[in-house]
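Chemist: Sharing a structure here in C-alpha coordinates format.
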Amino acid sequence: MPGYEFFGAEERKEVNDVLSSGILMRYGFDGMRNNMWKAKELEQAICKTFNCKYAQLTANGTAALTTAMAALGIGVGDEVIMPAFTFVASFEAVLSVGAIPVLVDIDETLTLNPDAVKKAITPKTKCIMPVHMCGSMADMDALLNICQQHKLLLLEDACQSIGASYKGQHLGTIGHAGTFSFDFVKTITCGEGGAVITNDEQVYIKSDGYTDHGHDHTGVDRGADLHPFIGYNFRISELHAAVGLAQIRKLNQFLTIQKKNHQLLKDILSKVPEIRFRNIPDPTGDSCTFLSWFLPTEAQTKAVIAKMKAQNIVAGNFYWYDNNWHYIKKWNHLKNISTLNRLNDAQQQALNKLAQQDFSASDAVMSKCVSTAISLSWTEKQIVEKGEKMVEIMSE
Ligand SMILES: Cc1ncc(COP(=O)(O)O)c(C=O)c1O
(Lines give C-alpha, C1' and ligand atoms only; values in the text may rest on other atoms or scores of the structure.)
Protein backbone atom coordinates (compact mmCIF):
# COMPACT_ATOMS: atom_id res chain seq x y z
CA MET A 1 0.00 0.00 0.00
CA PRO A 2 2.41 2.78 1.00
CA GLY A 3 4.65 4.66 -1.37
CA TYR A 4 7.55 4.24 1.05
CA GLU A 5 7.94 0.71 -0.24
CA PHE A 6 9.36 2.17 -3.45
CA PHE A 7 11.57 5.02 -2.28
CA GLY A 8 14.52 5.66 -4.51
CA ALA A 9 16.75 7.97 -6.47
CA GLU A 10 13.77 10.06 -7.65
CA GLU A 11 12.82 11.15 -4.10
CA ARG A 12 16.49 11.81 -3.24
CA LYS A 13 16.93 14.00 -6.31
CA GLU A 14 13.90 16.16 -5.47
CA VAL A 15 14.96 16.55 -1.83
CA ASN A 16 18.53 17.37 -2.87
CA ASP A 17 17.23 20.10 -5.17
CA VAL A 18 15.64 21.77 -2.14
CA LEU A 19 18.69 21.25 0.05
CA SER A 20 20.95 22.81 -2.54
CA SER A 21 18.70 25.84 -2.94
CA GLY A 22 18.66 26.17 0.87
CA ILE A 23 15.05 27.41 0.87
CA LEU A 24 13.01 24.96 2.89
CA MET A 25 9.89 27.11 3.15
CA ARG A 26 7.20 27.08 0.48
CA TYR A 27 6.52 30.84 0.53
CA GLY A 28 8.75 33.86 0.09
CA PHE A 29 12.51 34.12 -0.52
CA ASP A 30 11.72 34.63 -4.21
CA GLY A 31 15.13 35.99 -5.12
CA MET A 32 17.11 33.25 -3.36
CA ARG A 33 15.24 30.17 -4.47
CA ASN A 34 16.35 29.93 -8.07
CA ASN A 35 12.76 29.69 -9.20
CA MET A 36 12.34 26.41 -7.34
CA TRP A 37 8.80 25.93 -5.94
CA LYS A 38 8.30 22.25 -5.06
CA ALA A 39 4.99 22.74 -3.19
CA LYS A 40 3.53 24.74 -6.07
CA GLU A 41 4.75 22.11 -8.51
CA LEU A 42 3.15 19.34 -6.46
CA GLU A 43 -0.14 21.27 -6.31
CA GLN A 44 -0.12 21.54 -10.10
CA ALA A 45 0.66 17.83 -10.41
CA ILE A 46 -2.24 16.99 -8.05
CA CYS A 47 -4.68 19.06 -10.19
CA LYS A 48 -3.46 17.36 -13.35
CA THR A 49 -3.43 13.83 -11.91
CA PHE A 50 -6.85 14.02 -10.28
CA ASN A 51 -8.47 16.31 -12.81
CA CYS A 52 -9.50 19.06 -10.41
CA LYS A 53 -9.14 22.83 -10.63
CA TYR A 54 -7.44 23.57 -7.31
CA ALA A 55 -5.20 21.88 -4.76
CA GLN A 56 -3.89 23.33 -1.50
CA LEU A 57 -1.15 21.38 0.24
CA THR A 58 -1.19 21.14 4.03
CA ALA A 59 1.08 19.79 6.75
CA ASN A 60 -0.95 16.56 6.99
CA GLY A 61 -4.35 15.03 6.20
CA THR A 62 -5.87 16.09 9.54
CA ALA A 63 -4.95 19.72 8.79
CA ALA A 64 -6.44 19.27 5.31
CA LEU A 65 -9.77 18.19 6.84
CA THR A 66 -9.75 21.10 9.32
CA THR A 67 -8.87 23.53 6.53
CA ALA A 68 -11.58 22.18 4.21
CA MET A 69 -14.19 22.51 6.95
CA ALA A 70 -13.18 26.07 7.75
CA ALA A 71 -13.14 26.96 4.04
CA LEU A 72 -16.63 25.48 3.65
CA GLY A 73 -17.84 27.62 6.55
CA ILE A 74 -18.49 24.73 8.95
CA GLY A 75 -18.34 25.87 12.57
CA VAL A 76 -20.00 26.05 16.00
CA GLY A 77 -23.42 24.38 16.13
CA ASP A 78 -23.11 22.72 12.72
CA GLU A 79 -23.53 18.96 12.50
CA VAL A 80 -21.30 16.89 10.25
CA ILE A 81 -22.55 13.39 9.48
CA MET A 82 -19.70 10.88 9.28
CA PRO A 83 -19.20 7.11 9.52
CA ALA A 84 -18.52 5.14 12.71
CA PHE A 85 -15.62 3.40 10.92
CA THR A 86 -12.86 5.85 10.02
CA PHE A 87 -9.60 7.13 11.46
CA VAL A 88 -9.81 9.33 14.58
CA ALA A 89 -8.60 12.33 12.52
CA SER A 90 -12.02 12.65 10.86
CA PHE A 91 -13.83 13.53 14.11
CA GLU A 92 -10.83 15.43 15.49
CA ALA A 93 -11.10 17.83 12.54
CA VAL A 94 -14.85 18.31 13.07
CA LEU A 95 -14.30 19.11 16.75
CA SER A 96 -11.40 21.44 15.95
CA VAL A 97 -13.67 23.85 14.04
CA GLY A 98 -16.26 23.82 16.85
CA ALA A 99 -18.71 21.60 14.95
CA ILE A 100 -20.48 18.42 16.04
CA PRO A 101 -19.49 15.00 14.70
CA VAL A 102 -22.64 12.91 14.15
CA LEU A 103 -21.48 9.33 13.79
CA VAL A 104 -23.75 6.95 11.91
CA ASP A 105 -23.75 3.30 10.88
CA ILE A 106 -21.77 1.89 8.03
CA ASP A 107 -22.78 -0.97 5.74
CA GLU A 108 -20.83 -3.55 3.72
CA THR A 109 -19.28 -0.76 1.62
CA LEU A 110 -17.36 -0.16 4.90
CA THR A 111 -18.45 3.45 4.78
CA LEU A 112 -21.64 5.51 5.17
CA ASN A 113 -24.95 3.68 4.95
CA PRO A 114 -27.15 6.18 3.03
CA ASP A 115 -30.27 5.17 5.01
CA ALA A 116 -28.47 5.84 8.28
CA VAL A 117 -27.39 9.22 6.90
CA LYS A 118 -30.98 10.16 6.00
CA LYS A 119 -32.17 9.27 9.51
CA ALA A 120 -29.47 11.43 11.11
CA ILE A 121 -30.35 14.65 9.27
CA THR A 122 -31.61 17.48 11.49
CA PRO A 123 -32.06 21.23 10.92
CA LYS A 124 -28.48 21.63 12.20
CA THR A 125 -26.91 19.30 9.62
CA LYS A 126 -24.50 21.22 7.43
CA CYS A 127 -22.32 18.61 5.83
CA ILE A 128 -22.08 14.92 4.96
CA MET A 129 -18.57 13.54 5.14
CA PRO A 130 -18.09 10.11 3.59
CA VAL A 131 -14.75 8.55 4.43
CA HIS A 132 -13.53 6.43 1.54
CA MET A 133 -11.92 3.79 3.73
CA CYS A 134 -9.25 1.30 2.75
CA GLY A 135 -8.84 2.38 -0.85
CA SER A 136 -12.47 2.18 -1.92
CA MET A 137 -15.56 4.33 -2.10
CA ALA A 138 -18.87 5.19 -0.53
CA ASP A 139 -22.09 5.00 -2.54
CA MET A 140 -21.63 8.48 -4.00
CA ASP A 141 -24.81 8.63 -6.12
CA ALA A 142 -26.95 8.00 -3.04
CA LEU A 143 -25.01 10.54 -0.94
CA LEU A 144 -25.04 13.19 -3.68
CA ASN A 145 -28.81 12.78 -3.94
CA ILE A 146 -29.24 13.26 -0.22
CA CYS A 147 -27.01 16.35 -0.26
CA GLN A 148 -28.92 17.87 -3.16
CA GLN A 149 -32.30 17.14 -1.58
CA HIS A 150 -31.34 18.65 1.76
CA LYS A 151 -28.97 21.35 0.43
CA LEU A 152 -26.00 19.99 2.34
CA LEU A 153 -22.28 20.24 1.75
CA LEU A 154 -20.40 17.11 0.70
CA LEU A 155 -16.83 16.82 1.97
CA GLU A 156 -14.97 13.65 0.94
CA ASP A 157 -12.33 12.32 3.30
CA ALA A 158 -10.31 10.54 0.60
CA CYS A 159 -7.18 10.37 2.77
CA GLN A 160 -7.00 6.58 2.39
CA SER A 161 -8.12 6.41 -1.24
CA ILE A 162 -5.68 8.35 -3.36
CA GLY A 163 -6.08 7.23 -6.97
CA ALA A 164 -9.48 5.60 -6.51
CA SER A 165 -12.43 6.79 -8.57
CA TYR A 166 -16.21 6.53 -8.79
CA LYS A 167 -17.83 6.29 -12.23
CA GLY A 168 -14.78 7.90 -13.81
CA GLN A 169 -14.34 10.74 -11.30
CA HIS A 170 -11.45 10.70 -8.84
CA LEU A 171 -12.49 10.36 -5.20
CA GLY A 172 -12.08 13.73 -3.52
CA THR A 173 -13.27 15.65 -6.60
CA ILE A 174 -16.95 14.70 -6.47
CA GLY A 175 -18.10 16.77 -3.49
CA HIS A 176 -17.61 20.46 -2.67
CA ALA A 177 -14.13 19.57 -1.44
CA GLY A 178 -12.00 16.51 -0.77
CA THR A 179 -8.91 15.73 1.26
CA PHE A 180 -5.83 13.55 0.87
CA SER A 181 -3.23 12.43 3.38
CA PHE A 182 0.36 11.88 2.32
CA ASP A 183 1.50 10.51 5.67
CA PHE A 184 4.04 7.72 5.80
CA VAL A 185 1.60 4.85 5.24
CA LYS A 186 -0.50 6.29 2.44
CA THR A 187 -0.53 5.27 -1.24
CA ILE A 188 1.86 8.10 -2.00
CA THR A 189 3.72 9.81 0.79
CA CYS A 190 5.53 13.07 1.60
CA GLY A 191 6.58 11.67 5.01
CA GLU A 192 3.94 14.03 6.39
CA GLY A 193 1.59 16.00 4.16
CA GLY A 194 -1.95 16.44 2.96
CA ALA A 195 -4.08 18.34 0.47
CA VAL A 196 -7.46 19.96 0.05
CA ILE A 197 -8.77 19.56 -3.48
CA THR A 198 -11.75 21.40 -4.94
CA ASN A 199 -13.26 22.85 -8.09
CA ASP A 200 -14.59 25.85 -6.17
CA GLU A 201 -12.32 28.89 -6.43
CA GLN A 202 -13.57 30.41 -3.16
CA VAL A 203 -12.94 27.19 -1.22
CA TYR A 204 -9.43 27.16 -2.66
CA ILE A 205 -8.68 30.83 -1.87
CA LYS A 206 -9.90 30.33 1.69
CA SER A 207 -7.88 27.11 2.08
CA ASP A 208 -4.78 28.86 0.76
CA GLY A 209 -5.05 31.67 3.31
CA TYR A 210 -6.20 29.49 6.23
CA THR A 211 -3.12 27.26 6.03
CA ASP A 212 -0.79 30.28 6.23
CA HIS A 213 -2.05 32.62 8.99
CA GLY A 214 -4.65 34.17 6.69
CA HIS A 215 -2.07 35.61 4.23
CA ASP A 216 -3.73 36.65 0.97
CA HIS A 217 -0.60 35.70 -1.06
CA THR A 218 -1.30 38.41 -3.63
CA GLY A 219 2.12 40.08 -3.74
CA VAL A 220 5.77 39.11 -3.61
CA ASP A 221 6.42 40.64 -0.17
CA ARG A 222 5.08 38.41 2.63
CA GLY A 223 5.34 41.31 5.06
CA ALA A 224 2.94 43.34 2.93
CA ASP A 225 0.33 40.55 2.55
CA LEU A 226 -3.13 41.43 3.84
CA HIS A 227 -5.08 39.12 6.17
CA PRO A 228 -8.73 39.07 5.09
CA PHE A 229 -9.44 36.44 7.78
CA ILE A 230 -7.71 34.64 10.64
CA GLY A 231 -5.80 31.52 9.70
CA TYR A 232 -3.30 29.09 11.24
CA ASN A 233 -0.03 27.50 10.23
CA PHE A 234 -0.84 24.25 8.46
CA ARG A 235 1.89 24.71 5.84
CA ILE A 236 3.81 21.91 4.20
CA SER A 237 7.60 22.34 3.88
CA GLU A 238 9.45 22.27 0.58
CA LEU A 239 11.30 19.13 1.72
CA HIS A 240 8.08 17.20 2.24
CA ALA A 241 6.58 18.50 -1.00
CA ALA A 242 9.72 17.42 -2.85
CA VAL A 243 9.22 13.81 -1.70
CA GLY A 244 5.58 13.97 -2.79
CA LEU A 245 6.54 15.27 -6.20
CA ALA A 246 8.67 12.20 -6.88
CA GLN A 247 5.93 9.96 -5.49
CA ILE A 248 3.01 11.36 -7.49
CA ARG A 249 4.92 10.61 -10.69
CA LYS A 250 4.92 6.94 -9.62
CA LEU A 251 1.24 6.79 -8.67
CA ASN A 252 0.06 4.98 -11.79
CA GLN A 253 2.82 2.43 -11.39
CA PHE A 254 1.80 1.88 -7.71
CA LEU A 255 -1.86 1.47 -8.66
CA THR A 256 -1.10 -1.02 -11.42
CA ILE A 257 0.93 -3.19 -9.04
CA GLN A 258 -1.66 -2.88 -6.29
CA LYS A 259 -4.49 -3.95 -8.60
CA LYS A 260 -2.53 -6.94 -9.91
CA ASN A 261 -1.57 -8.15 -6.43
CA HIS A 262 -5.11 -7.56 -5.14
CA GLN A 263 -6.66 -9.62 -7.96
CA LEU A 264 -4.26 -12.52 -7.44
CA LEU A 265 -4.97 -12.66 -3.70
CA LYS A 266 -8.71 -12.29 -4.27
CA ASP A 267 -8.70 -15.20 -6.74
CA ILE A 268 -6.99 -17.40 -4.15
CA LEU A 269 -9.25 -16.42 -1.24
CA SER A 270 -12.32 -16.94 -3.45
CA LYS A 271 -11.70 -20.68 -3.03
CA VAL A 272 -13.17 -20.38 0.47
CA PRO A 273 -16.94 -20.73 -0.06
CA GLU A 274 -17.82 -18.90 3.20
CA ILE A 275 -15.95 -15.72 2.26
CA ARG A 276 -17.78 -12.67 0.95
CA PHE A 277 -15.93 -9.60 -0.24
CA ARG A 278 -16.57 -5.93 0.50
CA ASN A 279 -19.39 -4.30 -1.46
CA ILE A 280 -17.67 -1.87 -3.82
CA PRO A 281 -20.07 0.58 -5.52
CA ASP A 282 -17.75 0.91 -8.56
CA PRO A 283 -15.26 -2.00 -8.62
CA THR A 284 -13.25 -0.52 -11.51
CA GLY A 285 -12.50 2.51 -9.34
CA ASP A 286 -11.09 0.55 -6.37
CA SER A 287 -7.49 1.63 -5.72
CA CYS A 288 -6.95 -1.85 -4.20
CA THR A 289 -4.85 -0.79 -1.22
CA PHE A 290 -6.70 -3.44 0.81
CA LEU A 291 -8.69 -6.58 0.13
CA SER A 292 -11.54 -6.56 2.65
CA TRP A 293 -13.51 -9.73 3.28
CA PHE A 294 -16.17 -11.09 5.61
CA LEU A 295 -16.71 -14.45 7.28
CA PRO A 296 -20.23 -15.56 8.26
CA THR A 297 -19.92 -14.97 12.03
CA GLU A 298 -17.91 -12.97 14.57
CA ALA A 299 -16.78 -16.20 16.25
CA GLN A 300 -15.41 -17.63 12.99
CA THR A 301 -13.64 -14.36 12.20
CA LYS A 302 -12.03 -14.14 15.64
CA ALA A 303 -10.95 -17.78 15.41
CA VAL A 304 -9.29 -17.17 12.03
CA ILE A 305 -7.47 -14.07 13.36
CA ALA A 306 -6.29 -16.09 16.39
CA LYS A 307 -4.97 -18.88 14.13
CA MET A 308 -3.21 -16.37 11.88
CA LYS A 309 -1.55 -14.89 14.99
CA ALA A 310 -0.48 -18.31 16.18
CA GLN A 311 1.04 -19.11 12.78
CA ASN A 312 2.73 -15.70 12.55
CA ILE A 313 0.94 -14.64 9.40
CA VAL A 314 -1.40 -12.07 10.91
CA ALA A 315 0.79 -9.09 9.94
CA GLY A 316 -1.02 -6.99 7.37
CA ASN A 317 -4.43 -8.50 8.24
CA PHE A 318 -6.45 -5.89 10.11
CA TYR A 319 -9.36 -6.81 12.37
CA TRP A 320 -10.65 -3.25 12.78
CA TYR A 321 -13.37 -4.29 15.24
CA ASP A 322 -10.75 -4.64 17.98
CA ASN A 323 -8.53 -1.81 16.76
CA ASN A 324 -8.15 1.34 18.88
CA TRP A 325 -7.84 3.82 16.03
CA HIS A 326 -10.50 3.06 13.51
CA TYR A 327 -13.81 2.05 15.02
CA ILE A 328 -16.26 3.66 17.47
CA LYS A 329 -16.23 0.61 19.80
CA LYS A 330 -12.82 1.52 21.23
CA TRP A 331 -13.03 5.34 21.02
CA ASN A 332 -13.48 5.81 24.76
CA HIS A 333 -11.63 9.13 24.71
CA LEU A 334 -14.34 10.47 22.38
CA LYS A 335 -17.25 8.89 24.23
CA ASN A 336 -15.87 10.08 27.61
CA ILE A 337 -15.13 13.57 26.21
CA SER A 338 -11.50 13.30 27.32
CA THR A 339 -10.31 16.62 25.93
CA LEU A 340 -7.62 18.96 27.25
CA ASN A 341 -9.63 22.09 26.60
CA ARG A 342 -13.38 22.50 27.17
CA LEU A 343 -15.59 21.77 24.17
CA ASN A 344 -18.58 24.01 23.44
CA ASP A 345 -21.95 23.07 24.98
CA ALA A 346 -23.43 21.69 21.75
CA GLN A 347 -20.41 19.42 21.27
CA GLN A 348 -20.57 18.17 24.86
CA GLN A 349 -24.29 17.37 24.60
CA ALA A 350 -23.77 15.51 21.33
CA LEU A 351 -20.88 13.45 22.67
CA ASN A 352 -22.86 12.55 25.82
CA LYS A 353 -25.53 11.14 23.52
CA LEU A 354 -22.95 9.37 21.37
CA ALA A 355 -21.82 7.28 24.33
CA GLN A 356 -25.36 5.77 24.50
CA GLN A 357 -25.86 5.36 20.74
CA ASP A 358 -26.60 1.94 19.28
CA PHE A 359 -24.09 0.85 16.65
CA SER A 360 -25.20 -2.77 16.46
CA ALA A 361 -25.70 -2.55 12.67
CA SER A 362 -22.05 -1.46 12.25
CA ASP A 363 -20.91 -4.03 14.83
CA ALA A 364 -22.57 -6.73 12.72
CA VAL A 365 -20.44 -5.69 9.74
CA MET A 366 -17.16 -4.87 11.48
CA SER A 367 -17.09 -7.94 13.72
CA LYS A 368 -16.93 -10.18 10.64
CA CYS A 369 -14.56 -8.08 8.56
CA VAL A 370 -10.84 -8.48 7.93
CA SER A 371 -8.86 -6.16 5.65
CA THR A 372 -5.67 -7.51 4.13
CA ALA A 373 -3.20 -4.75 3.18
CA ILE A 374 -1.86 -5.17 -0.34
CA SER A 375 1.88 -4.75 -0.50
CA LEU A 376 3.61 -3.29 -3.54
CA SER A 377 6.75 -5.31 -3.02
CA TRP A 378 5.20 -8.80 -2.84
CA THR A 379 6.37 -11.27 -5.45
CA GLU A 380 3.81 -13.51 -7.14
CA LYS A 381 5.26 -16.45 -5.20
CA GLN A 382 4.80 -14.63 -1.89
CA ILE A 383 1.18 -13.79 -2.71
CA VAL A 384 0.40 -17.41 -3.58
CA GLU A 385 2.09 -18.64 -0.38
CA LYS A 386 0.29 -16.08 1.77
CA GLY A 387 -3.09 -16.69 0.11
CA GLU A 388 -2.82 -20.46 0.34
CA LYS A 389 -1.90 -20.33 4.03
CA MET A 390 -4.93 -18.12 4.66
CA VAL A 391 -7.19 -20.51 2.74
CA GLU A 392 -5.79 -23.44 4.72
CA ILE A 393 -6.52 -21.72 8.04
CA MET A 394 -10.04 -20.83 6.98
CA SER A 395 -10.73 -24.36 5.78
CA GLU A 396 -9.57 -26.06 9.02
C1 LIG B 1 -9.49 8.37 6.83
C2 LIG B 1 -8.38 9.27 7.29
N3 LIG B 1 -8.61 10.58 7.44
C4 LIG B 1 -7.65 11.42 7.85
C5 LIG B 1 -6.37 10.97 8.15
C6 LIG B 1 -5.35 11.92 8.66
O7 LIG B 1 -4.21 12.00 7.89
P8 LIG B 1 -2.80 12.41 8.55
O9 LIG B 1 -2.24 11.21 9.24
O10 LIG B 1 -1.99 12.82 7.37
O11 LIG B 1 -3.07 13.54 9.46
C12 LIG B 1 -6.09 9.61 8.01
C13 LIG B 1 -4.75 9.07 8.34
O14 LIG B 1 -4.55 7.92 8.56
C15 LIG B 1 -7.12 8.74 7.58
O16 LIG B 1 -6.91 7.42 7.47
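Chemist: Using mean Cβ contacts within 10 Å as the protection proxy, how do 194-206, 168-180 order, highest first?
Modeler: Working: 194-206: 22.7, 168-180: 24.3.
Descending packing order for the listed peptides: 168-180, 194-206.
Chemist: Follow-up. Any idea which of ALA71, MET25, VAL15 is furthest toward the positive side of the dipole for region 11-78, if Lys and Arg beta-carbons carry +1 and Asp and Glu beta-carbons -1?
Modeler: My answer, from the dipole projection, is VAL15.
Chemist: Give, rounded to the nearest 20 debye, the magnitude of the charge dipole that the chain has about its Cα centre when Lys and Arg contribute +1 at Cβ and Asp and Glu contribute -1 at Cβ.
Modeler: Details: 38 positive and 43 negative charges, 86 e Å.
Value, rounded to 20: 420 debye.
Chemist: Okay, moving on. Beta carbons within 10 angstrom, averaged per residue: use that to sort the peptides 335-341, 273-279, highest first. Could you put the intermediate results ahead of the total?
Modeler: Details: 335-341: 10.3, 273-279: 14.7.
Descending packing order for the listed peptides: 273-279, 335-341.
Chemist: Right, here's the next one. Picking from GLN44, GLN149, GLN56, which is most flexible by a Gaussian network model of the chain using Cα springs under 10 Å?
Modeler: Judging by the Gaussian network model, the answer is GLN149.
Chemist: Also, I was wondering about something else. In straight Cα distance, which lysines are under 23 Å from LYS381, not counting same-chain residues fewer than 8 positions off?
Modeler: Output for LYS381: LYS259, LYS260, LYS266, LYS271, LYS307, LYS309, LYS389.
Chemist: Let me ask something else. Which residue, PHE318, PHE29, PHE85, tops the fluctuation ranking in a GNM of the chain built on C-alpha contacts under 10 Å?
Modeler: Maximum among the listed residues: PHE29.
Chemist: Leaving out ligands, DNA and RNA, and with a 1.4 Å probe, what % of the accessible surface on the chain is carbon or sulfur? Please list the in-between numbers first.
Modeler: Working: 8880 of 16900 Å².
C and S atoms contribute 53 percent here.
Chemist: Additional query: What residue among LYS119, LYS302, LYS329 has the largest mean-square fluctuation in a Gaussian network model of the chain, using Cα springs under 10 Å?
Modeler: LYS119
Chemist: I want the antiparallel fraction of DSSP beta bridges within region 148-290, as a percent rounded to 5. Could the numbers behind the result be given before it?
Modeler: Working: 7 of 11 bridges.
Antiparallel bridges make up about 65 percent of those DSSP assigns within region 148-290.
Chemist: Take every DSSP beta bridge whose two residues both sit in the chain, then give the antiparallel share in percent to the nearest 5.
Modeler: 60
Chemist: Taking the Cα centre of the chain as the origin and placing charges on Cβ (Lys, Arg +1; Asp, Glu -1), which of GLN348, ASN199, THR173 is farthest toward the positive end of the dipole?
Modeler: GLN348
Chemist: Continuing with this model, one more query. Dipole size in debye (nearest 20) for region 108-178 around its Cα centre, Lys and Arg Cβ +1, Asp and Glu Cβ -1? All intermediate terms of the calculation are to be shown ahead of the outcome.
Modeler: Details: 6 positive and 6 negative charges, 69 e Å.
Computed about the Cα centre, the dipole is about 340 debye.
Chemist: Within the set LYS330/LYS386; LYS53/LYS368; LYS53/LYS330, which residue pairs have Cα atoms separated by over 32 Å? Walk me through the numbers on the way to the answer.
Modeler: Details: LYS330/LYS386 29 Å; LYS53/LYS368 40 Å; LYS53/LYS330 39 Å.
Checking Cα-Cα distances, LYS53/LYS368; LYS53/LYS330 exceed 32 Å.
Chemist: How big is the charge dipole of region 291-354 about its Cα centre, in debye rounded to the nearest 20, if each Lys and Arg gets +1 on its Cβ and each Asp and Glu gets -1 on its Cβ?
Modeler: Working: 8 positive and 3 negative charges, 21 e Å.
Dipole about the Cα centre, nearest 20: 100 debye.
Chemist: What helices does the chain hold that run 20 Å or longer along their axis, going by alpha-carbon atoms, with a Kyte-Doolittle average of -0.5 or more, using DSSP H for the helix calls?
Modeler: Details: long enough: 251-269 (27 Å, -0.31); 380-395 (22 Å, -0.58).
Going by DSSP H runs, the hits are 251-269.
Chemist: Using modelled backbone amide H atoms (1.01 Å from N, in-plane), which distant-in-sequence or interchain residues come within less than 5 Å of THR125's amide H?
Modeler: Correct list: GLU79.
Chemist: What figure, in Å² to the nearest 10, do you get for the accessible area of CYS134 with a 1.4 Å probe and non-protein molecules left out?
Modeler: Near enough 0 Å² of accessible area.
Chemist: Let me ask you something else. Quote the relative contact order of the chain in percent (integer), defining contacts as alpha-carbon pairs under 8 Å separated by 6+ residues.
Modeler: 21
Chemist: A further question on this structure: Please report, in whole Å³, the volume per residue of the convex hull around the C-alpha atoms of region 330-395. Show your work: numbers first, answer last.
Modeler: Numbers: hull volume 10.0 nm³, N = 66.
Per-residue hull volume (Cα only) is 152 Å³.
Chemist: Next question, about the same structure. Could you order the peptides 91-97, 286-292 from most to least packed, using the average number of other C-beta atoms within 10 Å per residue?
Modeler: On the way: 91-97: 21.3, 286-292: 25.4.
So the order, starting with the most tightly packed, is 286-292, 91-97.
Chemist: Right, here's the next one. For the chain, what does the helix formula give at 222 nm: sum of -39500 (n - 2.57) over DSSP H segments with n ≥ 4, over the residue count, nearest 500 deg cm²/dmol?
Modeler: Working: 14 runs with 153 residues, N = 396.
Roughly -11500 deg cm²/dmol at 222 nm, from the helical runs in the chain.
Chemist: At 1.4 Å probe size, with no ligands or nucleic acids counted, give the accessible surface of PHE184 in Å², nearest ten.
Modeler: Here the accessible area works out near 100 Å².
Chemist: Something else: What percentages make up the Cα-Cα pair-distance distribution of region 1-90 when the bins are 5 Å wide from 0?
Modeler: Each 5 Å bin holds this share of Cα pairs: 2, 10, 13, 17, 20, 15, 10, 6, 5, 1.
Chemist: On to the next question. Put +1 on the Cβ of every Lys and Arg and -1 on every Asp and Glu Cβ in the chain; which of ILE268, LEU255, TYR54 then has its Cα farthest towards the positive end of the dipole?
Modeler: My answer, from the dipole projection, is ILE268.
Chemist: First check a/c for the chain, with a ≥ b ≥ c the square roots of the eigenvalues of its C-alpha gyration tensor; if it is under 1.5, answer rounded, and if not, answer prolate when a/b is larger than b/c or oblate otherwise. Numbers along the way, then the final one.
Modeler: Values: a/c = 2.02, a/b = 1.25, b/c = 1.62.
Here the chain falls in the oblate category.
The values are calculated or read from the model by the stated rules, or taken from the named source; none is laboratory data. This is a predicted model, so every value here is computed, not measured. Note that we place each Cβ from the backbone using ideal geometry, even for glycine, and neighbour counts take in every protein chain shown. SASA here: full protein model, heavy atoms, side chains in, ligands and nucleic acids out. Shrake-Rupley method; radii C 1.70, N 1.55, O 1.52, S 1.80 Å.
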